[in-house]
Amino acid sequence: MATNFLEGPTNTTPRQTLALSQNAKSFFTSQKGWSLPYPLSLFLNTESQEKWATYENIFLATLRTGDHDAAYLCLEELTDRFGKTNEHVVALQGIYQEATAKDTNELEEVMKRYDELLKDDPALFSVRKRRAALLKSVGRPVDAIGDLVSLVDASPTDAEAWAELADLYAQQGTYEQAIFCLEEVLLVTPNAWNMHARLAEVTYMSAQKMEGGEQLKALSESMRRFCRSIELCDDYLRGYLGLKITTGRLLTALDGAKKSQLTVSDPTTGDLAPPSLASVRKLNELATAKLGEIVRRGTAGEKGWDGYSAIELKAARDALDRDTLKIQR
């Protein structure tokens, strides 16, 4: 199978990332002798967005696999092409230094470099994101949150920053803030089905801390978000798995709910009454049937059904098996 150089390693499986890294040498050979400094490189036929996207993807893949020499060669090519002061190149240089740091002291040196760069130009958003990521990786989530809050204040339409901030809040157990951040993400990218699913997951987690009507409300909202995610993306395993888990929990909650809680709604705030027991049961059955189909066809590797990872399929299979055990009991 041919290696897809244009698919970023963050969107691939470890096996695909390894294949991309192993093909680095052949790619360098194919480009040898054609590289000229900017702006002379613009006159070459090989100059294209795809070429430089490939260099960046190989750079990230080789860092993940520990081939630092190949990563350095990619970084050199990108630096020669776009210049040392290019914001994106500066961020890639930071990633390389973080990945090759041998201890905490070296990471602190990387942090100091980020601080110096931001002191000179606070508008380097790529560097600000790298600084927040580094703070998170060294176990300073509160500082990372502070950095990201400042970033979204300066750039409120940065969906990536909002999403990262939501993850940090969720890890700290502050689900209300995480939900707010994910809602901001959806204001920028309303059709991002993965973000609808993520919002549903965080809402579901927040429901575990609630009781009575508040819990019912949160579970209902989580269910609706999962429904929206599969409406936007057919055969979305994560959406169907979340829908099955949420509806299963909601069925139990509705069975034990007081009659007054089943009709509570507030049109002024957009709060809806909980769904009927029959509707939730139908959605649970739909999710069960669809997960069964995805597991069966995905495991068999049928054409058009081979995009699921083994971990995703196992999680879906485990959810179906637990359901079967309950019925048998």
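A helix-only calculation puts the chain at -23000 deg cm²/dmol for mean residue ellipticity at 222 nm, using -39500 (n - 2.57) for each DSSP H run of at least four residues, averaged over all residues. Principal-axis analysis of the Cα atoms of the chain puts helix 310-328 at an angle of about 10° to the longest axis. Measure nothing but the geometry: give the 0 to 90° angle between the long axis through the Cα atoms of 49-65 and the longest principal axis through the Cα atoms of the chain, rounded to 10°. In the chain, helix 49-65 runs at an angle near 80 degrees to the longest axis. Can you give me the angle between helix 159-171 and the longest principal axis of the chain, using Cα atoms only, in degrees from 0 to 90, rounded to the nearest 10? Roughly 60 degrees, rounded to the nearest 10. Would you work out what percent of the accessible area of the chain, with all protein chains in place, is carbon or sulfur (probe 1.4 Å)? Carbon with sulfur: 53 percent of the solvent-accessible area. Residues of segment 81-105 with an amide N closer than 15 Å to a point placed 7 Å from the Cα of Asp115 along the Cα-to-Cβ direction: 105.
The relative contact order of segment 50-127, computed from alpha carbon pairs under 8 Å that lie at least 6 residues apart in sequence, is 24 percent.
Any chance you could count the Lys pairs in segment 50-127 whose alpha carbons are under 22 Å apart, treating pairs 8 or more apart or on different chains as valid? Intermediate results must be reported in sequence, preceding the final value.
Working: Lys51/Lys84; Lys84/Lys112; Lys84/Lys119; Lys102/Lys112.
Close lysine pairs under the 22 Å cut-off: 4.
Global size of segment 112-225: 15.6, 53 Å for Rg and Dmax (C-alpha atoms, Rg to one decimal, Dmax whole).
Within the chain, the longest segment free of exposed loop sites, counting GluC sites (Glu not before Pro) that fall outside DSSP classes H, G, I, E and B and have at most 12 other Cβ atoms within 10 Å, spans 1-210. Heavy atoms of the protein chains alone define the surface here; on that basis segment 104-145 has 56 Å² accessible area per residue at 1.4 Å probe size.
Connecting C-alpha atoms closer than 10 Å in a GNM of the chain, tell me which of Gln16, Gln172, Gln31 has the biggest fluctuation. Among Gln16, Gln172, Gln31, the largest GNM mean-square fluctuation belongs to Gln31.
Given 0.36 nm per residue, what is the gain on full extension from Glu312 to Glu293 after removing their alpha carbon distance, in nm?
Working: separation 19, 0.36 × 19 = 6.84 nm, distance 1.35 nm.
Between Glu312 and Glu293, full extension yields an extra 5.5 nm.
A straight line joining the Cα centroids of segment 57-125 and segment 199-254 runs 40 Å.
Label separation (Val138 vs Asp234): 4.9 nm, computed from points 7 Å beyond Cα along the C-beta direction.
Pairwise alpha-carbon distances in segment 50-127 exceed 18 Å for 42% of all pairs.
Quick one: if the Förster radius is 56 Å, what FRET efficiency do Leu107 and Leu277 give, using the C-beta to C-beta distance and rounding to 0.05? Don't jump to the answer; show the numbers that get you there.
Numbers: r = 53 Å, r/R0 = 0.95.
Plugging the Cβ-Cβ distance into 1/(1 + (r/R0)^6) gives 0.55.
Under the Kirkwood approximation applied to all pairs of distinct alpha-carbon atoms, what is the hydrodynamic radius of the chain in Å? Hydrodynamic radius (Kirkwood, Cα only) of the chain equals 22.9 Å.
The slack between Lys303 and Ser150, meaning 0.36 nm per residue of separation minus the straight C-alpha distance, is 50.5 nm.
The values are calculated or read from the model by the stated rules, or taken from the named source; none is laboratory data. Computed from a predicted model, the values in this text were never measured in an experiment. Heads up, the Cβs are rebuilt from the backbone with ideal geometry, glycines too, and the neighbour counts pull from every protein chain shown. The accessibility values were calculated without ligands, DNA or RNA, using every heavy atom of the protein model including side chains. Shrake-Rupley method; radii C 1.70, N 1.55, O 1.52, S 1.80 Å.
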